[in-house]
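Here is the structure we will look at, set down as structure tokens.
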Amino acid sequence: MEGDIIFEYDIVRLGKRIDVIMLIRHMVFSLEFKNGKNIFTAQDAQQAEDYAIDIKNFHKESEDLYVCPILIATDAPKYKKAQSLDAYPDKQVHLQRENIETLIPKVIQLTGLYGDNTQIDFEKWFNSPYRPTPTIIAAAVEAYIAHDISEIANSEAGQDDIDVCEGRINEIISYAMSNNKKCVCFVTGVPGAGKTLVGLDTVAKNLKRGKSSLSVYLSGNGPLVDVLREALKRSEKSKKQYTRETSAAIDALIQSSYAFKRDNAAHNQPTPENIMIFDEAQRVWDQSKMSSKHKNDPLMSVSEPHLLYSIMDRHQDWAVMICLVGLGQDIYDGEVGINEWFRCGVQDFPQWEMYYSPAIFNQIEDLNIDKEMIKSCRRCHPINELHLKTSIRSFRADKQCQFVDNLLNNDPESTKKIYSMISSKYPILVTRDYQKAKQWVRSQVRGSQRCGVLACSSAQRLKPEGIYITSDIDVKNWFLAPSDDLRSSNMLEIVASEFKIQGLEIDWALVCWDADLRRNAKGDGWDHYNFRGSKWNKRHKEEQKRYLVNAYRVLLTRARQGMIIFVPKGVDPEIDPTRDKAYYDGIYNYLLQCGIQTYT
């Protein structure tokens, strides 16, 4: 047999890598190797078959070819059960389970059944663009529209705001389609107002329009992508509606922005989607950060907004970008904020029209936003309804976000006033006892509600309290596993940092406060620290101070129904100067000054 072989073939957009691809006799073989394994597991079989499904549904040059997935457990005995050699109607051959000895005979057998002597153009196949097939689009519609999208976002209030906002977005999309225009609109709002829900709804509603109006939901927030995908998949499995295409369809609709950029920077063709929804659009990199992360790729040596404009600008007819902006929540080094989106639209891409709410100027994050540049540009159109002013995350108290802003802005009197207004419906307590904090948060949970422990990634001196912040947690199970699962947030054993929970939420939060953000000597503001080696080091750069404050803003706005704040007692500085009780007393006393009630 003659053919081509590809090792570690990337399906870039889906973030997957296939061990081996063989192109033989007008057939595609997708091989998943499990070296040293002597058994065939269901999990491995699912992985191997998923790769073939992805090739059938997203690889344009394989759409009409026979594709066969093979799982190879190298040390396993010959598979004892009879294996079907049949193929599905879309020409995907049933999964084969082989060992290192039976692999080649099986390939020969299958090429005899389905192969022919027509040659596959290797270069064309290897460089085939990502293109979802009509089959996968149909599966996406079934998986996505079949249930209430608002269930994912736990929406109970603010729906009027959301409906009006989505109506205006739909008008912009219709305008772009009818007039061959390119538009970008910025959806802003308070934390928890439903920006992600707006993005998900837009994806679902545009699927109904068919292939001519495909959309993709992108986020640079890996945990958010993982949890949204997994939530949809579990929902479908529970309804017994899970098909071969369902998982791939969901992965196609909700994608990592990193994979999207990598895939499209590799060629110069238009995306299959005319509509791109970009969540947490404030978390984009500037040119310097992009250049340092992609040193060998000159196409990526531009700011992230510039790259995304250039990708969507390839469409000859129309395109729409919807940027969901979580203002006041930039927590990563190199994040350029919202101003770069406007600068690119005004200066670099003169064919694009921009839509925004004037409320964007009143938010606290983008102090550097160039208001005059925006207001003086005739292609920038203010629309009030693109700002969501009501929090749906904390549906018991839409003033909770204002409470957190005032608390972090050193305004205890205003914080106290808002606390008196919301505390009966949205309880907020503070304690110095970690075990009692856990008891309280557990006692609040009813039914399928979720609670969890949150702490800042720089909170490194909580370890003596038994609170360990790790960079890698099983975020899907933290949010979605049953309460009796040790990986579940409800077990209160695994701590989630701001990087894992931004853009997501739980019902009841236990927020742990360390000495990284402490009161200054005068008691009228914050001091900002990092812990390195064996001591606290003061943060001097303004952006680093802002990242820390915003990290706590994220943590304090994740709970839908209420929270308890744990502040350690600390110790005498002679025992441990890194846990000086004066640090923690200052934080605790400030929270009391803000009106927060003590739980003992």
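In this structure, the pairs whose alpha-carbon distance is over 24 Å, taken from K389/K416; K436/K538; K436/K535, are K436/K538; K436/K535.
How high is the relative contact order of the chain, given as a whole-number percent (alpha carbon pairs under 8 Å, six or more residues apart)? Walk me through the numbers on the way to the answer.
Values: 1184 pairs, mean separation 75.2, N = 600.
Dividing the mean separation by the residue count of the chain yields 13 percent.
Phi-derived couplings, Karplus 6.51 cos²θ - 1.76 cosθ + 1.60 at θ = phi - 60°, listed residue by residue for the stretch 89-100: x, 8, 6, 8, 6, 4, 4, 10, 10, 9, 10, 5 Hz, with x used for Gly and Pro.
Could you do me a favour and compute the accessible area per residue for the chain, 1.4 Å probe, result in Å²?
On the way: 25120 Å² over 600 residues.
Value returned for the chain: 42 Å² of accessible area per residue.
Note on C68: accessible area is roughly 0 Å² with a 1.4 Å probe, heavy atoms of protein only.
Amide H to amide H, with H built 1.01 Å from N, S303 comes under 5 Å of Q287, counting only residues 5 or more places away or on other chains.
Ignoring ligands, DNA and RNA, what percent of the 1.4 Å accessible area of the chain is carbon and sulfur? Could you put the intermediate results ahead of the total?
Working: 11600 of 25120 Å².
That share works out to 46 percent.
Within the same chain, aspartates and glutamates fewer than 8 places from K522 are excluded, and of the rest, those with a Cα less than 16 Å from its Cα are D411, D585. Within straight-line reach of K425, meaning a Cα separation under 15 Å, sit the following aspartates and glutamates at least 8 residues removed in sequence or on another chain: E156, D398, D507. Here the 3J(HN,Hα) profile of the stretch 549-555, calculated from phi with Karplus coefficients 6.51, -1.76 and 1.60 at θ = phi - 60°, is 4, 5, 4, 5, 4, 4, 4 Hz, Gly and Pro shown as x. Once the trypsin sites (Lys or Arg not before Pro) in DSSP loops with at most 11 neighbouring Cβ atoms within 10 Å are cut out of the chain, the longest remaining piece is 82-207.
Phi angles of the stretch 422-437 translate, via the Karplus equation with coefficients 6.51, -1.76, 1.60 and θ = phi - 60°, into HN-Hα couplings of 10, 5, 6, 9, 10, x, 10, 10, 10, 8, 9, 10, 5, 5, 5, 4 Hz per residue; Gly and Pro are given as x. With 24 Å as the limit on Cα-Cα distance, the pairs of K205/K237; K16/K91; K195/K500; K124/K293; K16/K295 that go past it are K124/K293. Cysteines in the chain that lack a partner Cβ within the 4.7 Å cut-off: C68, C165, C183, C185, C323, C344, C401, C451, C456, C512, C594.
The values are calculated or read from the model by the stated rules, or taken from the named source; none is laboratory data. Small disclaimer: the values here were computed from a predicted structure and weren't measured. Cβ sites come from the backbone with ideal geometry, for glycine too, and all protein chains shown count toward neighbours. In case anyone asks, the SASA skips ligands and DNA or RNA and just uses the protein heavy atoms, side chains included. Shrake-Rupley method; radii C 1.70, N 1.55, O 1.52, S 1.80 Å.
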